[in-house]
1. Using 7 Å Cα-to-Cβ label points, what is the THR8/SER76 separation (nm, one decimal)?
2. Quick query: amide H of GLY63 versus all other amide H atoms, modeled in the peptide plane; which residues come in under 5 Å with a sequence gap of 5 or more or a different chain?
3. Fully extended, how many nm does the chain gain between LYS87 and SER43 (0.36 nm per residue separation, minus their Cα-Cα distance)?
4. For the chain, modelled as a GNM with alpha-carbon contacts under 10 angstrom, which of THR13, THR28, THR81 fluctuates the most?
5. Per residue of the chain, what 222 nm ellipticity follows from adding -39500 (n - 2.57) for every DSSP H run with n ≥ 4, rounded to the nearest 500?
6. Test of the criteria: in region 30-96, which chymotrypsin sites (Phe, Trp or Tyr not before Pro) are in a DSSP loop and have at most 14 other Cβ atoms within 10 angstrom of their Cβ?
7. Across region 24-29, in residue order, what do the Karplus-derived ³J(HN,Hα) couplings come to in whole Hz, using 6.51 cos²θ - 1.76 cosθ + 1.60 with θ = phi - 60° and x for Gly and Pro?
8. Compute the long axis of helix 3-17 from its Cα atoms, compare it with the longest principal axis of the Cα atoms of the chain, and write down the angle in degrees, 0 to 90, nearest 10.
Amino acid sequence: MNIKTIITLFIATITAVLPAAEDKPVFTYEGEVAGVVCNACASNVKAALSKLDGVTSVKIKLGKEGFAPRMEVISSSPNLTKEAAIKALGEKAAYYVIQSFKLVSK
């Protein structure tokens, strides 16, 4: 066996054993969170929500004047709730108010 054959067999074995990324379900949640007025605030909320079950991504888009900032949470869990998101904020829930949080796509 030459080195090329060995590498090819190794790669084929690894890709057959590892689960594909698309095997995990992906759920997208959206909502509004009041009190986020700067990037530091957004970082606080992102850090807290990232601790929720299955969360892989949290994005906060600062709101335009008169509108609450929007958030998007990507998770492998279909069971995230507004209550769980508020609980994840802990003491910071006194500063940031999650006004809405809903599953928008599976």
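1. Taking the simple label geometry, THR8 and SER76 are separated by 3.3 nm.
2. Correct list: ARG70.
3. Fully extending the segment from LYS87 to SER43 adds 14.2 nm.
4. THR13
5. -10000 deg cm²/dmol
6. Working: sites: PHE67, TYR95, TYR96; in loops: PHE67, TYR95, TYR96.
For chymotrypsin sites (Phe, Trp or Tyr not before Pro) across region 30-96 that sit outside H, G, I, E and B with at most 14 neighbouring Cβ atoms in 10 Å, the list reads PHE67, TYR95.
7. Computed from phi, the couplings for region 24-29 are 7, x, 10, 10, 10, 10 Hz.
8. Tilt relative to the chain: about 40 degrees.
Bear in mind these aren't lab numbers, they're just calculated from the coordinates by the rules spelled out. This structure is a prediction, so every number in the text was calculated from the model and none was measured. Using ideal geometry, Cβ is built from the backbone for each residue, glycine included, and neighbour counts are taken over all protein chains shown.
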